Amino acid sequence: SSLDSITHLSEKSSSDAPRQVLHLSEMLRYLVYEARETTVSLSKELEIIRNYVSLMSNEEEKHTDCSLQINGNPGHLRIEPMLLLSIVQAVYNASCNYNGEENWISIDLKIDRYTVYLKINYCSTPDNEKDLVIRREEFDSIFQRLQLTHPGLFDLKHIEDNDISMLSLRLILQEYPN
C-alpha cells in the first residue's frame, strides 16, 4: 500500500513523492539490515515510526488522519527492532477496519530517563466478528512478545469502548554505551 501511495503522489506530480520514496527506502533498509540485530537505538526505532506514519498518512483510500508527538531524549537507550513499530502497525490496521466517516489515530510517545510511555487513541469499530478476533490476536501477540523481551518491565493496557479505543504502554529500557 505504501507503493500505491507513492505511485498516486507521483501521478499527481506531488512534491511529497520524493520524500515518501526516501521514507520507504529507509524503512526497507531498516527491515533488511537493522531488524536482524538483537537491539537497535531507540532513536532509530522512532525515526522508522515517523517514516511509517508519514507513509500511512498519504494513503488515499484509507483516509486516516494520524498525529504523532514524540517528547523526550532517547539518549543511548536500546530496544528490540520493530517492537514499538509493530504496536503502531497493529493500531493502524485496527483503525483502518473502521467504516466511519473519519479514521484517526493519535500517538503520543514520551521518554523519561529509562521509561517509554506510549499512548495511542484511535477510532475503531470492527466491521465484523472476524476483524475483532484478528485484532485481539494481534494485540495478544504484542503482549506475549513484551513478556518475552521485557518480563516485569512493562505495563500494557488496551481498552475498546464503542468507537474509540486506547492503547497504553509503559516500558522500561536499558541504556547502552555508544
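Any residue in the stretch 130-152 that's closer than 14 Å to ALA90 by Cβ: show its pairings with residues that are open to solvent by less than 60 Å² (accessible area, probe 1.4 Å) and polar (S, T, N, Q) at Cβ separation under 7 Å, as long as the two are six or more apart or on different chains.
Close Cβ pairs (under 7 Å, with a partner that is open to solvent by less than 60 Å² (accessible area, probe 1.4 Å) and polar (S, T, N, Q)) amount to ASP131/ASN97; ILE142/SER86.
What is the residue count in the stretch 121-178 for residues that are among the polar types (S, T, N, Q), modelled with pLDDT of 90 or more, surrounded by fewer than 16 Cβ atoms within 10 Å (Cβ to Cβ) and part of a strand (DSSP E or B)?
1
The values are calculated or read from the model by the stated rules, or taken from the named source; none is laboratory data. No experiment lies behind these values; they were computed from the predicted model shown. Reconstructed Cβ throughout: ideal geometry from the backbone, glycine too, with neighbour counts over all protein chains shown. Calculation scope for accessible area: heavy atoms of the full protein, side chains included, ligands and nucleic acids excluded. Shrake-Rupley method; radii C 1.70, N 1.55, O 1.52, S 1.80 Å.
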